[in-house]
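Take a look at the structure below.
Only the coordinates and a few stated rules stand behind these numbers; no lab work does. Since this is a predicted model, take the numbers as computed values, not measurements. Positions of Cβ are generated from backbone atoms using ideal geometry, with glycine treated the same way; all protein chains shown enter the neighbour counts.
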Amino acid sequence: MLMAWIWLVVLLFSVISGIFSERTIDLGAAIAEGSQKGISLAIGMAGSMCLWSGVGTLMDRAGLTGLLAKLLRPLLHRIFPGTRTDPALERDLSANICANFLGLGNAATPMGIRAAKRMTDPRQPQTATDQLCRLIVLNTASIQLIPATVAAIRSQLGCAAPFDILPAVWITSLCSAGLGVTAAWCIGKVWRT
Amino acid sequence: MTGYIVPAILILATALALHKKEDAYGLLVTGAADGLKLLLSIIPTLVILLTAVTMLRSSGGIEHLSRWLSPVFRLFSIPPETAMLVLIRPFSGSAALAVGAELMATYGVDSQIGRTAAVMLGSTETTFYTVSVYFGAAGIQRTRYTIPAALIADLTGFVMSSLTVRLLFP
C-alpha cells in the first residue's frame, strides 16, 4: 500500500510543478516516453544480467563460497558469538553472506532466514536479539563483489567501462557494513529491554 | 586496471569449477536463465516507476525537491541531485533502480552525479524490505534498535559513495 501512496504523491507533485512552471510542459508526452524507457532499459540490461547471474552460479559451485566461508570464520565468530557453539548457524550465516557477496540475492535470503530463526531467544521469541540485529544490519549494507545490475544499466547507457566503479563500490559497502555493525554493537551495549 | 578485474574473475571461476570437476558451461547457462527470470520479474515495476520519474523530471518536480533538500544534503556532502534516489532507496529496490537509471541518463553515466548514483545503487540495500522479510519470517515483533542501526549503515553508504567517487574520479 505504501507504493500506491508514493505513486499518487508523485503524480500530484508532477502536475502541480508542471502548472506552476514557467515552461509549457507536456506531461502526456512524458508519460508515453517514460513507460517506453522502462522497456528499453530492461532490454539493454538483459545481456549483462544473464551473464552475471550465470557467473554467480558458477562461482558458487566452483567452491568460492567455501573458500570465502573459511576466510570469514574468524570475523564471523567475533560478530556472532553464537556461531562458536552452533555449527548449523555458522553454516547458514556464512552461506548467506557469501551468496550476497556473489550477487545471488535469491539464494541468500532463505539461508539468512534460517539463520535468523536460530538466533531468536526461546524465552522471548518475539524480541530481536543483539545477534539478530547485527545480522539484519549486515544484510542491509549489501557487500557485493560484482554489482551486476548497476553495471548492466551503465553499459546500456553507453558507458565504455561499466565496471570502473568497482573499487568505489567495494570501499563504500565495507565502510557502511563496518560502521553499521559497530553502531549496532554500541547501541546494543546501552539498549535495555 | 579495472578492465582486467572482470576477465580475471571469469577465468578464475571457470578454472576453479573445472578443477572441482563441475560442468562450468552448464552452470553458466543455468545461472543465466535465472538472471533472465529475475529481470522479467522487475520489468513491470521498472516501466511504471520510470513513467512516474519521467513525469517528475519533465515537470521540474525533481529540481524543486533537490533545491528544498540541498541544505541537508550539503551538510553530508552528498550531491543534492541524488535526493530522489537517497529518499527512495531504503523502501523499494526497483524504484531506486528506475530513479538511478534516469539520473545516469540525464547527467551522463561518467559524470560525477551519474557515477555517485551508480555507486549508491551498488553498495546499499532496500533496508525496510530486508527488515520486514527477515523479521516477518522469524516472527519478531520488537525490532529494538535494528532500524536506527541499519539507517546509520545506509547514511554511511550514501556519504561514502559521494566521497569515493570524488576521490577516485577527480
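May I ask you to verify whether residue B:9 is β-branched (Val, Ile, Thr), within 26 Å of residue A:65 (Cβ to Cβ) and part of a helix (DSSP H, G or I)?
Yes.
Residue by residue, here is whether (1) part of a helix (DSSP H, G or I); (2) among the basic types (Lys, Arg) holds:
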| residue | (1), (2) |
| --- | --- |
| A:106 | yes, no |
| A:134 | yes, yes |
| A:149 | yes, no |
| A:161 | no, no |
| A:170 | yes, no |
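Could you list, in sequence order, the residues of the stretch A:79-104 that are part of a loop (DSSP other than H, G, I, E, B) and within 21 Å of the chain's Cα centre (by Cα)?
Pass one, the stretch A:79-104, residues part of a loop (DSSP other than H, G, I, E, B): A:80, A:85-86, A:102-104.
If the condition is that a residue be part of a loop (DSSP other than H, G, I, E, B) and within 21 Å of the chain's Cα centre (by Cα), then A:80, A:102, A:103, A:104 are the ones that fit.
Kindly provide the set of residues from the stretch A:57-81 that are closer than 23 Å to residue A:121 by Cα and β-branched (Val, Ile, Thr), ordered by number.
Correct list: A:79 only.
Considering only residues that are surrounded by fewer than 24 Cβ atoms within 10 Å (Cβ to Cβ), within 11 Å of chain A (Cβ to nearest Cβ) and in a helix (DSSP H, G or I), which ones fall in the stretch B:81-101?
Passing the criteria: B:87, B:88, B:93, B:94.
Across the stretch A:170-193, which residue is surrounded by the most Cβ atoms within 10 Å (Cβ to Cβ) among those that are within 30 Å of residue A:42 (Cα to Cα) and more than 7 Å from chain B (Cβ to nearest Cβ)?
The qualifying residue surrounded by the most Cβ atoms within 10 Å (Cβ to Cβ) is A:170.
So residue A:22 clears everything in (1) facing chain B (nearest Cβ under 7 Å); (2) not in a helix (DSSP H, G or I) except one condition, right? Which one?
Evaluating residue A:22 over (1) facing chain B (nearest Cβ under 7 Å); (2) not in a helix (DSSP H, G or I) leaves (1) as the failure.
So which residues in the stretch B:25-65 are touching a Leu at 6+ places or on another chain (Cβ under 6 Å) and more than 29 Å from residue A:18 (Cα to Cα)?
Listed by number, the residues that qualify are B:27, B:28.
Are any residues in the stretch A:28-45 surrounded by fewer than 18 Cβ atoms within 10 Å (Cβ to Cβ), of a type in the set (A, V, I, L, M) and facing chain B (nearest Cβ under 7 Å), and if so, which ones?
Selection gives A:31, A:39.
Can you work out which of the residues in the stretch B:139-170 that are within 7 Å of another protein chain (Cβ to nearest Cβ) and of a type in the set (A, V, I, L, M, F, W, C) is surrounded by the fewest Cβ atoms within 10 Å (Cβ to Cβ)?
Of everything passing the filter in the stretch B:139-170, B:168 is surrounded by the fewest Cβ atoms within 10 Å (Cβ to Cβ).
Can you pull out the residues in the stretch B:115-134 that are surrounded by fewer than 24 Cβ atoms within 10 Å (Cβ to Cβ), more than 7 Å from chain A (Cβ to nearest Cβ) and assigned to a helix (DSSP H, G or I)?
B:128, B:129, B:132
In this structure, does residue A:167 turn out to be more than 16 Å from residue B:127 (Cβ to Cβ) and either touching a Lys or Arg at 6+ places or on another chain (Cβ under 6 Å) or at the interface with another protein chain (Cβ under 7 Å from one of its Cβ atoms) (or both)?
Yes; evaluated as a whole, the condition is true for this residue.
In the stretch B:42-61, how many residues are over 19 Å from the mean Cα position of the chain (by Cα), hydrophobic (A, V, I, L, M, F, W, C) and more than 7 Å from chain A (Cβ to nearest Cβ)?
Counting residues in the stretch B:42-61 that are over 19 Å from the mean Cα position of the chain (by Cα), hydrophobic (A, V, I, L, M, F, W, C) and more than 7 Å from chain A (Cβ to nearest Cβ) gives 0.
Suppose we filter A:89, A:102, A:157 for residues that are surrounded by fewer than 23 Cβ atoms within 10 Å (Cβ to Cβ) and in contact with a Gly (Cβ under 6 Å, 6 or more places away or on another chain); which single one remains?
Numbers: A:102 fails: surrounded by fewer than 23 Cβ atoms within 10 Å (Cβ to Cβ); A:157 fails: in contact with a Gly (Cβ under 6 Å, 6 or more places away or on another chain).
Exactly one residue qualifies, and that residue is A:89.
Does residue A:27 fit the bill of being within 22 Å of the chain's Cα centre (by Cα) and of a type in the set (A, V, I, L, M)?
No, not satisfied.
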